[in-house]
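Notes follow the structure.
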Amino acid sequence: MATPPPRTRSPEGNLGPVDATQVPRFAGPGTFARLPRVDEVDHVDVAVLGVPFDAGVSYRPGARFGPGHIRASSRLLRPYHPGLDVEPFGLQQVADAGDLGVNPFDLDEAVAAIEAGARAVVEATGARLVTLGGDHTIALPLLREVHARHGPVAVLHFDAHLDTWDTYFGAPVTHGTPFRRASEEGLLDRAASCHVGIRGPLYRGLDLAEDRELGFQAVSADEVETIGVAGVVERVRARLGDAPVYVSIDIDVLDPAHAPGTGTPEAGGLTSRELLGILRGLAGLDLVGADVVEVAPAYDHAELTGIAAAHVVYELLALLADHRRRGLTPTRTR
């Protein structure tokens with residue numbers, strides 16, 4: 001019988017990643033950052049959950065393999081985040097909840113299963129979820145689960161695309177429609193939600209006007225170039241206010257030079273440094289959940305996309321740890 005791998009343990013008693021001084025980073029478990037599984041710890045503050053699903057895509061498939069690719073690309077992450085002066089795996093118990101198994105042939109059944117599966121993890125652990133997609137369809141059932149606990153939340157959406165279109169081929173739930181459905185269902189706070197990184201051609205001139213009616217303000221990729229990271233952070237924080245925040249990150253917000261492994265790439269996107277810097281600027285906000293989606297490893301090379309996505313997840317975990325360190329009280333659930 002194999003001996004359990006040696007792990008780090010923080011002064012707070014939280015079990016961390018496999019000790020890289022004893023087990024090389026290319027070995028050990030395939031969990032995110034080689035963290036423990038949820039069944040290996042006695043409590044969980046943050047659960048990393050995979051949703052390998054891409055039946056809602058409209059162009060290149062492959063995001064169903066995203067969770068595994070992000071995990072494989074996360075092996076080089078280390079315990080200390082110097083930018084926020086925080087230990088994401090030390091101040092909180094982070095564990096890998098594995099993958100949900102959902103129907104790849106029935107989109108409606110899959111969406112219901114994702115909501116139920118996310119709720120089951122939260123109810124079993126009390127944890128906040130950081131979810132690895134999968135295509136952006138999964139944001140809708142995840143927001144339904146978050147809404148059941150927190151009510152309407154401010155959605156901070158990083159993407160090249162609005163994802164507030166109405167239907168594709170008559171289908172109302174796809175990876176291009178989750179935030180229209182979320183707005184219509186009252187899941188998001190229409191006075192506090194925004195997009196960052198929007199760019200590229202649209203179907204029609206009314207798309208932006210309809211998006212505003214659904215409750216979003218947008219910071220385009222061109223504006224990111226003009227006002228810089230600090231300007232984006234200022235604008236986003238002003239929009240979000242003190243509302244509970246759900247962060248949804250489509251990896252195609254990055255330029256294809258930084259994230260080629262995605263299903264709907266658009267030229268002129270953010271750099272990895274810009275995205276990580278904007279996320280770091282959200283310190284102190286009440287993050288109630290997050291997802292990182294649309295990583296499609298078949299189009300990746302040199303792990304560019306996987307590594308970028310893994311670092312994005314790490315930033316999100318650091319924000320949650322920083323919130324805990326500040327002694328801020330998480331938003332109470334209903």
Checklist outcome for this item: When (1) over 15 Å from Glu274 (Cα atoms); (2) out of contact with any Ser or Thr (no Cβ under 9 Å at 6 or more places or on another chain); (3) surrounded by fewer than 16 Cβ atoms within 10 Å (Cβ to Cβ) are applied to Glu213, the one that fails is (2)
Checklist entry - Just checking, which of Ala298, Ala267, Ala257 is surrounded by fewer than 18 Cβ atoms within 10 Å (Cβ to Cβ), more than 27 Å from Val44 (Cα to Cα), free of Cβ contacts under 8 Å to residues at least 24 places away in the same chain and more than 14 Å from the chain's Cα centre (by Cα)? => result Ala257
Checklist outcome for this item: Asp54 meets each of (1) more than 11 Å from Asp135 (Cβ to Cβ); (2) crowded, with 24+ Cβ neighbours inside 10 Å; (3) of a type in the set (Asp, Glu) with one exception, condition (1)
Checklist entry - In this structure, is Arg34 charged (D, E, K, R), surrounded by 15 or more Cβ atoms within 10 Å (Cβ to Cβ) and touching a residue at least 40 places away in the same chain (Cβ under 8 Å)? => result yes
Checklist entry - Just wondering, is there one or more residues in the stretch 147-164 that are under 19 Å from the mean Cα position of the chain (by Cα), among the aromatic types (Phe, Trp, Tyr), assigned to a strand (DSSP E or B) and closer than 30 Å to Ala95 by Cβ? => result yes
Next on the checklist: Take Glu274 and tell me if it is of a type in the set (Asp, Glu) and not in a loop (DSSP other than H, G, I, E, B).
Outcome noted: yes
Next on the checklist: Of the conditions (1) assigned to a strand (DSSP E or B); (2) of a type outside the set (Lys, Arg); (3) out of contact with any helix residue (DSSP H, G or I) (no Cβ under 6 Å at 6 or more places or on another chain), Val288 satisfies every one except a single condition; which number is it?
Outcome noted: (3)
Item to check | Scope the stretch 194-232; condition part of a helix (DSSP H, G or I), charged (D, E, K, R) and under 22 Å from the mean Cα position of the chain (by Cα); matching residues | outcome: Asp211
Item to check | Candidates Ala192, Ala267, filtered to the one that is among the hydrophobic types (A, V, I, L, M, F, W, C) and farther than 24 Å from Val146 by Cα | outcome: Ala267
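Got a sec? Which of Arg71, Arg60, Arg119, Arg78 is more than 23 Å from Tyr314 (Cα to Cα) and of a type in the set (Lys, Arg)?
Values: Arg71 fails: more than 23 Å from Tyr314 (Cα to Cα); Arg119 fails: more than 23 Å from Tyr314 (Cα to Cα); Arg78 fails: more than 23 Å from Tyr314 (Cα to Cα).
Within the list Arg71, Arg60, Arg119, Arg78, the selection yields Arg60.
Every read-out reported here was derived from the displayed coordinates using simple, explicitly stated rules and does not represent laboratory data. None of these values were measured; they are calculated from a predicted model. Backbone-built Cβ (ideal geometry, glycine too); neighbour counts: all protein chains shown.
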